[in-house]
Amino acid sequence: MDTAATPISLAEAIRLAQQNAPATVQARGAIQTSSLSVKQAYTAFLPTVNLSAGTSHQSGDRFDTQGNLVPFTGNPSSYSTGMNASLQLFDGGRRFFDIKKTKADEDAADAGEITQRYQVALQVKQQYYNILAARESESAANAQIALADQELRAATLRLRAGVATTSDSLRSVIQLGNARLALLTAQNNLGLANATLTRLVASPRPVTATPSDTLDQQVVIPSLAELEPLVQKAPAIEQANAELASAKAASRSAKTAYLPTVNMNFSRSGSGLDPRFGLGDKRYAYSQSLNFSLSFPLFNNLNREVSVLRASVAEDNAEVTLRDARLAAHQTLVQAVGQMTTAQQQVAIQAASVTAAIEDLRVQQRRYELGASTLLEVLTSQSTLDQARTALIRARYDYRVAKAQLEALIGRDL
């Protein structure tokens, strides 16, 4: 069912998915936004400057106090310019805390982007391994159909020869039908896995996994003690740490509202008749002023108290989130290592079981041909072989997925 799909390597599928997945695109956007916020926080130490320029035009006759019409004889146009600069000299340290907060937000965005990349990689690997498992199931179903068809022909010939019963032939028909259903299930699973992988990589054309050996190159599974330091630096924990630092800085920034603020303001303006707005014209009149102001709100309808409380609650939530992230990482570590170890052993056990089941089926078929056993014993051996193959496929899938989960946890490949 995947003949129309374009084969793609696992590395290429992960690269395309990390490039196109909405989660990773949003994560990269968060990095850009947070990086610009850091620069903006630093500019708070610089003055704000505004420039202005204007012109006015007067014309038309007017009446004097006696009611006589007097022509307008003044200059019809006048021009003005202005410059205003303001700088906050003291704000209780709020700007320093804002810089710490924005830097922590940038660190959280960086860790979040790594987390999203490996989560996307985990999703791709799961679907990629689903395709491999579906192909293995399809091959197993084809082998099952071939054996069932062979047994049906043998049972039919023996029935005609009078050395078998009708029940043997009917059981063979049932076995063949079950094998065909298994093939249909495997093909449907393969088509669904291909479609899911195509969506993850955002490909306009269907894609599928490249032909791969059913046996993966198994790695030496590190111990919990070896992995624990890596887990403590996992992207999810690093993100939670950065979010806690951001919350602490925001809490301290909110408390600066209880301190006064000192501001400086400088303004310079000019007006005259020069259409070049005073450039090179000494008749342009200028005025300037420098002001200092101190402000301290004694009561602002509990706005400060609400802001401080919200920031404190956010800090408490960030601490709880960090603690839970560490515990969740340890839980996932124990689970992934346990699943990898178990699945690795299951692969070896089930591979030996498949070999034994194949040999057992061969012996039973030979005995059946010689009339030393019944078809029921042959079908039982066939069923045992089918179950062993299914268990082997499942063990391989579980091992692959557990390895991918561990890599997503620690944020690196094993």
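What follows is calculated from the coordinates using simple rules that are stated; it is not laboratory data. Just so it is clear, the model here is predicted, and its values are computed rather than measured. A quick note on method: Cβ atoms are made from the backbone with ideal geometry, for glycine too, and the neighbour counts reach across all protein chains shown.
For segment 340-380, what is the convex hull (Cα atoms) projected area averaged across all directions, in square nanometres?
The directionally averaged projection comes out at 2.9 nm².
Give the cross-link partners of Lys403 among the lysines, using a straight C-alpha distance below 27 Å as the criterion and excluding same-chain residues fewer than 8 apart.
Answer for Lys403, where 27 Å is the Cα cut-off: Lys125, Lys233, listed by chain and number.
Size of the dipole of segment 303-414 about the Cα centre, Lys and Arg at +1 and Asp and Glu at -1 on the beta carbon, nothing else charged, in debye to 20? Numbers along the way, then the final one.
On the way: 13 positive and 13 negative charges, 45 e Å.
Dipole of segment 303-414, to the nearest 20 debye: 220 debye.
When only C-alpha pairs under 8 Å and at least 6 residues apart count, what is the relative contact order of the chain, in percent?
Relative CO of the chain lands at 24 percent.
Give the Rg/Rh ratio for the chain, taking Rg as the radius of gyration of the Cα atoms and Rh as the Kirkwood radius, to two decimals.
My calculation of the ratio gives 1.33.
In whole percent, what relative contact order does segment 301-414 give with Cα contacts below 8 Å and a gap of six or more residues?
In percent, rounded to a whole number, it is 36.
Cα centroid distance between segment 230-279 and segment 109-158, in Å?
The distance from the Cα centre of segment 230-279 to that of segment 109-158 comes to 55 Å.
If each residue of separation counts as 0.36 nm, what is the full-extension length gain between His57 and Thr210 once their alpha-carbon separation is subtracted?
Gain in length upon complete extension: 47.3 nm.
Let's see if you can work this out: charge +1 on each Lys and Arg Cβ, -1 on each Asp and Glu Cβ, no other charges. What is the dipole magnitude of the chain about its Cα centre, in debye to the nearest 20?
About 500 debye.
Based on the mean of other beta carbon atoms within 10 Å per residue, what is the order of 129-135, 232-238, 41-47, most packed first?
Highest-to-lowest ranking by the protection proxy: 129-135, 232-238, 41-47.
Projected onto the charge dipole of the chain (+1 at Lys/Arg Cβ, -1 at Asp/Glu Cβ, origin at the Cα centre), which of Ile358, Tyr128, Thr341 gives the Cα projection farthest towards the positive end?
Result: Tyr128.
If I model a spin label at Thr341 and Leu46 as a point 7 Å from the Cα along the Cα→Cβ vector, what separation in nanometres do I get?
About 5.8 nm, to one decimal.
Is it possible to state the helix-based mean residue ellipticity at 222 nm for the chain, with each DSSP H run of 4+ residues giving -39500 (n - 2.57), the sum divided by total residues, to the nearest 500 deg cm²/dmol? What is it?
-23500 deg cm²/dmol
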